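> Have a look at this one before I ask anything.
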Amino acid sequence: MTHPRLRSDLAGITLQNPVWLAAGTAAYGDELDGVMHLEALGGLVTKAVSLEPRAGAPAPRVAEFPGGMINAIGLANPGVEEVRAAHLPWLHQHLKQARVLVNVVGRAVDDFAKVVARLNDADGKQGFELNVSCPNVKAGGLEFGADPVALAEVVRLARAETALPIFVKLSPTLSNIAGAAETALAAGANGITVVNTWPGLVIDVERKKPALGFGTGGVSGPGLLPIGVLATWKVWKATGAPVIGVGGVSSANDVLQYIIAGAAAVGIGTAALRNPRLPARIVKDLGTWCDHHRVDLLTLRGSLEWPS
């Protein structure tokens, strides 16, 4: 049953609660069928979708360390045609309350728009999330999000292909993440997702080699929480736009931090992989907290009181 105090709005998308599964951790929903009660959540962001299928990075792709997890999946995915033919129809059939954003990746500026155009008229989603943390192959590998011109063009071209909400996912390594958010919004984005994983290296000391087959990877887990919360606050303070906060969430308290910092929705990643029942428990704990404090989550958004 939907808890009335948990309702939220995400760029016009009505949410029964703000708890989402972050991109890459929910696959395309069907893999979690029977493992997790997806309909108890606010929504999910799909695994990356590119124009062509991608094999991804060499194994091993995931390694744990005391502070969390590091991964290098390499944006492996079956490509836009299979997602359109098989995965979005499954989501449309099985999810009635939980909302869906399709995570989109590309190797060149116009790849994002081509994926959006191919999926725009397909059922099973309410919007798109553009992962601009991936490298622009045609520009020497610089992240799209780190180049204001490329970032604006990615969003502008994608915007021309859909009227649905577009969220732009930014890297925590950006020197001016609020400025990048402003660039994306000015080009037509409806909201911002922060943050992606943080680059890192874990070494297998016995082999004197990286723990991951690719070498480096993206760090996630509890240590990313304050980084994501700060990025959320910076973007919210600068823009007032809808924000999806992601990074290090493993409890209702973590979700509340993001919301107070300005998030309209909060993504869970690593913690959900470790315990698939945790997201639904967090939703329940949020309801209990709101009842105890007699407050609606909507009134908490962006309510951080900065020290004077």
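The values are calculated or read from the model by the stated rules, or taken from the named source; none is laboratory data. The structure displayed is predicted, hence computed values, not measured ones. Quick reminder, even Gly has a Cβ in these numbers, built from the backbone with ideal geometry, and neighbours come from all protein chains shown.
> Could you please give the count of residues in the range 48-92 that are over 14 Å from L212 (Cβ atoms), of a type outside the set (D, E, K, R) and surrounded by fewer than 18 Cβ atoms within 10 Å (Cβ to Cβ)?
11
> State whether the residues of the range 168-180 include one that is farther than 22 Å from G247 by Cβ and touching a residue at least 24 places away in the same chain (Cβ under 8 Å).
Within the range 168-180, the subset farther than 22 Å from G247 by Cβ is none.
No, the range 168-180 has no match at all.
> Determine if the range 282-301 includes at least one residue that is buried (at least 24 other Cβ atoms within 10 Å of the Cβ) and of a type outside the set (A, V, I, L, M, F, W, C).
Within the range 282-301, not a single residue is buried (at least 24 other Cβ atoms within 10 Å of the Cβ) and of a type outside the set (A, V, I, L, M, F, W, C).
> Within the range 5-20, does at least one residue satisfy the condition of being within 16 Å of the chain's Cα centre (by Cα), without any contact (Cβ under 8 Å) to a residue 60 or more places away in the chain and surrounded by fewer than 22 Cβ atoms within 10 Å (Cβ to Cβ)?
Within the range 5-20 (the criterion being within 16 Å of the chain's Cα centre (by Cα), without any contact (Cβ under 8 Å) to a residue 60 or more places away in the chain and surrounded by fewer than 22 Cβ atoms within 10 Å (Cβ to Cβ)), the answer is no, since none of the residues qualifies.
> State yes or no: is V243 buried (at least 23 other Cβ atoms within 10 Å of the Cβ), under 18 Å from R7 (Cα atoms), touching a Ser or Thr at 6+ places or on another chain (Cβ under 8 Å) and among the β-branched types (V, I, T)? First the steps, then the outcome.
Details: buried (at least 23 other Cβ atoms within 10 Å of the Cβ): yes; under 18 Å from R7 (Cα atoms): yes; touching a Ser or Thr at 6+ places or on another chain (Cβ under 8 Å): yes; among the β-branched types (V, I, T): yes.
In short, yes.
> A follow-up question, please. Do you know which residues across the range 103-135 are of a type outside the set (G, A, S), within 14 Å of S171 (Cα to Cα) and in contact with a Lys or Arg (Cβ under 8 Å, 6 or more places away or on another chain)? Steps first, please.
Narrowing the range 103-135 to residues of a type outside the set (G, A, S): 103-105, 107, 109-112, 114-116, 118-121, 123, 125-126, 128-132, 134-135.
So of that shortlist, the ones also within 14 Å of S171 (Cα to Cα) come out as 105, 129-132, 134-135.
Residues satisfying the conditions are E129, L130, N131, V132, C134, P135.
> Tell me the residue from V149, V154 that is free of Cβ contacts under 8 Å to residues at least 24 places away in the same chain, closer than 26 Å to A11 by Cβ and not polar (S, T, N, Q), please.
On the way: V154 fails: free of Cβ contacts under 8 Å to residues at least 24 places away in the same chain.
After applying the criteria, what remains is V149.
> Considering only residues that are of a type in the set (A, V, I, L, M) and surrounded by 19 or more Cβ atoms within 10 Å (Cβ to Cβ), which ones fall in the range 29-39? Spell out how you get there, then give the answer.
At the first step, the residues of the range 29-39 found to be of a type in the set (A, V, I, L, M) are 32, 35-36, 38.
Residues satisfying the conditions are M36, L38.
> On to the next question. I'd like the full set of residues that are surrounded by 17 or more Cβ atoms within 10 Å (Cβ to Cβ) and closer than 17 Å to S133 by Cβ, limited to the range 213-226.
G217, G218, V219, S220, L224 - these are the residues of the range 213-226 that are surrounded by 17 or more Cβ atoms within 10 Å (Cβ to Cβ) and closer than 17 Å to S133 by Cβ.
> Another question, then. So for the range 264-287 (the condition being over 23 Å from H37 (Cα atoms) and either without any contact (Cβ under 8 Å) to a residue 60 or more places away in the chain or among the aromatic types (F, W, Y) (or both)), does at least one residue qualify? Reasoning before the result, please.
From the range 264-287, those over 23 Å from H37 (Cα atoms) are none; that's our starting set.
No, the range 264-287 has no match at all.
> What number of residues within the range 10-31 satisfy the criterion of being at pLDDT 95 or above and either in contact with a Pro (Cβ under 8 Å, 6 or more places away or on another chain) or on the phi > 0 side of the Ramachandran plot (or both)?
Going through the range 10-31 one residue at a time, the tally reaches 6.
> Now for a separate question. When you go through (1) of a type in the set (D, E, K, R); (2) farther than 26 Å from W306 by Cβ; (3) at pLDDT 95 or above one by one for D254, which number turns out not to apply?
Of (1) of a type in the set (D, E, K, R); (2) farther than 26 Å from W306 by Cβ; (3) at pLDDT 95 or above, only one is false for D254: (2).
> Let me ask something else. Looking for whichever is buried (at least 24 other Cβ atoms within 10 Å of the Cβ), out of contact with any His (no Cβ under 8 Å at 6 or more places or on another chain), closer than 24 Å to I268 by Cα and among the hydrophobic types (A, V, I, L, M, F, W, C) here; the options are A189, A178. Which one fits?
Working: A178 fails: buried (at least 24 other Cβ atoms within 10 Å of the Cβ).
Only one candidate qualifies: A189.
> Please work out which residue is nearest to L298 (Cα to Cα), limiting yourself to the range 1-22 and to residues that are in a loop (DSSP other than H, G, I, E, B) and hydrophobic (A, V, I, L, M, F, W, C).
Narrowing the range 1-22 to residues in a loop (DSSP other than H, G, I, E, B): 1-3, 7, 11-12, 16-18, 22.
If we keep only those that are hydrophobic (A, V, I, L, M, F, W, C) too, we end up with 1, 11, 22.
Values: M1: 18, A11: 13, A22: 21 Å.
Per the criteria, the residue is A11.
> Just to be sure before I move on: is S171 farther than 20 Å from P53 by Cβ, over 15 Å from the mean Cα position of the chain (by Cα) and among the polar types (S, T, N, Q) in the structure I sent?
Numbers: farther than 20 Å from P53 by Cβ: yes; over 15 Å from the mean Cα position of the chain (by Cα): no; among the polar types (S, T, N, Q): yes.
So S171 fails the test.
> Taking the options I227, I260, name whichever one is more than 15 Å from the chain's Cα centre (by Cα) and β-branched (V, I, T). Before the answer, list the steps.
Numbers: I227 fails: more than 15 Å from the chain's Cα centre (by Cα).
Exactly one of I227, I260 is more than 15 Å from the chain's Cα centre (by Cα) and β-branched (V, I, T), namely I260.
> While we're here: As an exercise: evaluate G34 against (1) within 18 Å of the chain's Cα centre (by Cα); (2) more than 20 Å from A265 (Cβ to Cβ) and give the number of the one condition it does not meet.
Unmet for G34, out of (1) within 18 Å of the chain's Cα centre (by Cα); (2) more than 20 Å from A265 (Cβ to Cβ): (1).
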